[in-house]
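Contents: one structure, followed by commentary.
The values are calculated or read from the model by the stated rules, or taken from the named source; none is laboratory data. All figures in this text were calculated on a predicted structure; none of them were measured in a lab. Here the Cβ positions follow ideal geometry from the backbone for every residue, glycine too, while neighbour counts run over all protein chains shown.
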Ligand code: SF4
């Protein structure tokens, strides 16, 4: 199973925000440059994480992006589950749909496997992702 680029960008942002220093101004554009993703992708990630209550955007001189307390406490599984959604892993309902879809044991097995993947990530807290050595790599990132 491979994460969508959208989920990957969102998790990169959450990790970087988890090490933001007091007084550091991190804008969507800065974050996009630091994390090597297009601005439009980062803006969509900011909007989604903000809707989930995990990131807040403040305006003004002391503005910028911040991880909320909920964002700091949440698990990677919660984020990935919300962003990846619950669709089929294979093209069961594609156009044309798979002729096996009404009685396919593989479909159920793939659903169970995805849930096991999410459950494993439920045990990983955002805070734990930014322990060393990742913390050092994150804090070295600078706006372009
Ligand atoms: S074989 Fe099963 S899992 Fe694969 S596309 Fe068809 S219905 Fe879905």
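Among the residues of region 1-25, the one identified as touching a helix residue (DSSP H, G or I) at 6+ places or on another chain (Cβ under 6 Å) and farther than 29 Å from residue 115 by Cβ is 19. Would you confirm whether any residue within region 111-123 is within 16 Å of the ligand (Cβ to nearest atom) and assigned to a loop (DSSP other than H, G, I, E, B)? Within region 111-123 (the criterion being within 16 Å of the ligand (Cβ to nearest atom) and assigned to a loop (DSSP other than H, G, I, E, B)), the answer is no, since none of the residues qualifies.
The condition (being closer than 14 Å to residue 6 by Cβ, more than 16 Å from the ligand (Cβ to nearest atom), touching a strand residue (DSSP E or B) at 6+ places or on another chain (Cβ under 8 Å) and modelled with pLDDT of 95 or more) is satisfied by just one residue among 76, 46, 37, 55: 46. Being in contact with a strand residue (DSSP E or B) (Cβ under 7 Å, 6 or more places away or on another chain) and closer than 30 Å to residue 30 by Cα is the requirement here; does residue 134 meet it? Against the criterion (in contact with a strand residue (DSSP E or B) (Cβ under 7 Å, 6 or more places away or on another chain) and closer than 30 Å to residue 30 by Cα), residue 134 does not qualify. Of all residues in region 50-64, one or more are out of contact with any helix residue (DSSP H, G or I) (no Cβ under 9 Å at 6 or more places or on another chain), closer than 20 Å to residue 9 by Cα and surrounded by 13 or more Cβ atoms within 10 Å (Cβ to Cβ).
Considering only residues of region 95-110 that are in a helix (DSSP H, G or I) and surrounded by 14 or more Cβ atoms within 10 Å (Cβ to Cβ), which is farthest from the ligand (Cβ to nearest atom)? Looking at residues that are in a helix (DSSP H, G or I) and surrounded by 14 or more Cβ atoms within 10 Å (Cβ to Cβ), I get 110.
Does region 24-35 contain at least one residue that is surrounded by 15 or more Cβ atoms within 10 Å (Cβ to Cβ), without any contact (Cβ under 8 Å) to a residue 24 or more places away in the chain and within 27 Å of residue 121 (Cβ to Cβ)? Within region 24-35, one or more residues are surrounded by 15 or more Cβ atoms within 10 Å (Cβ to Cβ), without any contact (Cβ under 8 Å) to a residue 24 or more places away in the chain and within 27 Å of residue 121 (Cβ to Cβ).
Residues in region 86-94 include none that are more than 8 Å from the ligand (Cβ to nearest atom) and in contact with a helix residue (DSSP H, G or I) (Cβ under 6 Å, 6 or more places away or on another chain).
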